[in-house]
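Comments concern the structure below.
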């Protein structure tokens, strides 16, 4: 109980909390909500929403949605949190049992409100949040200033740079302000001999460099059977900008993200990893990967697996 209060106090006054409860990540209603949400991340970030996803009996992941101009939240980790919070959060906010989909969104006060038994449309969700008293002054400021979410950002075509990978590939995204960045070069060296372990785990590696008009990027599609040719595609400037905005990547610093097939950012690294073992362990512990490995029946030579 104390852990729950500590968790809520860490968000109170600065963030609104959108809590999604689902029996599994493959549940139809959850997948429907996830696909819809991906198209409206900017609007959710404008409303200072933190998304907490409760999966089954004991999995809790956090994602703080913020605009590129906003500083990262230093006091709230986005890593998977204490699984003991899952039943406490459900009870505190009046959500349905673990075997049913339900969701709710709180204002800055973290008090329970309306519970949705099915995903609302994006306009209905935004209308609900905008009805909170705390939104009045925010909407006034937004009307007077430059719209944070331009229409161009909302075009469905722009989503393709990320959505075309979802459900098919895990993403390892490496971003840096320039190709000469030391951390970027170190990370490329660490990735150099990992085609097999990355390939059999269905990874694509995205490399994004530069700022402003001087951006460049590519995606490497590793062979799914662990051997064969790695395919490389170039990314457009719009793709790079959109990927950074969608995944909340700061263009001015090195960072590496691991994104699961469902679009959730599972890990974020502010400095390069010489070994990818931690990422492999994260992937290999999931039910999805266990099923994939069973179907593949293939392993990489130990030297490669060890990174």
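The values are calculated or read from the model by the stated rules, or taken from the named source; none is laboratory data. Values in this document were obtained by computation on a predicted structure and should not be read as measured data. Neighbour counts are summed over all protein chains in view; Cβ atoms, including those assigned to glycine, are modelled from backbone coordinates with ideal geometry.
Within segment 90-146, the set of residues being in contact (Cβ under 8 Å) with a residue 24 or more places away in the chain, in a loop (DSSP other than H, G, I, E, B) and under 17 Å from residue 11 (Cα atoms) comprises 106, 107, 108, 109, 110, 132, 134.
A single member of 174, 259 is in contact with a strand residue (DSSP E or B) (Cβ under 7 Å, 6 or more places away or on another chain), crowded, with 20+ Cβ neighbours inside 10 Å, in the same structural domain as residue 269 (by the TED database) and at pLDDT below 95, and it is 259.
For residue 213, the criteria (1) closer than 26 Å to residue 44 by Cα; (2) surrounded by fewer than 19 Cβ atoms within 10 Å (Cβ to Cβ) hold in every case but one, which is (1).
Being more than 18 Å from the chain's Cα centre (by Cα), assigned by the TED database to the domain that holds residue 187, surrounded by fewer than 21 Cβ atoms within 10 Å (Cβ to Cβ) and within 30 Å of residue 70 (Cβ to Cβ): is that true of residue 251 here? For residue 251, the condition - more than 18 Å from the chain's Cα centre (by Cα), assigned by the TED database to the domain that holds residue 187, surrounded by fewer than 21 Cβ atoms within 10 Å (Cβ to Cβ) and within 30 Å of residue 70 (Cβ to Cβ) - is not met. Are any residues in segment 109-137 over 30 Å from residue 99 (Cα atoms) and either at pLDDT below 90 or surrounded by fewer than 11 Cβ atoms within 10 Å (Cβ to Cβ) (or both), and if so, which ones? Once the filter is applied, which keeps residues that are over 30 Å from residue 99 (Cα atoms) and either at pLDDT below 90 or surrounded by fewer than 11 Cβ atoms within 10 Å (Cβ to Cβ) (or both), segment 109-137 yields 133, 136, 137.
Would you pick out the residues in segment 181-204 that are touching a strand residue (DSSP E or B) at 6+ places or on another chain (Cβ under 8 Å) and without any contact (Cβ under 8 Å) to a residue 24 or more places away in the chain?
188, the sole residue that qualifies.
Among the residues that make up segment 284-300, is at least one of them part of a strand (DSSP E or B), surrounded by 12 or more Cβ atoms within 10 Å (Cβ to Cβ) and at negative phi? Within segment 284-300 (the criterion being part of a strand (DSSP E or B), surrounded by 12 or more Cβ atoms within 10 Å (Cβ to Cβ) and at negative phi), the answer is no, since none of the residues qualifies.
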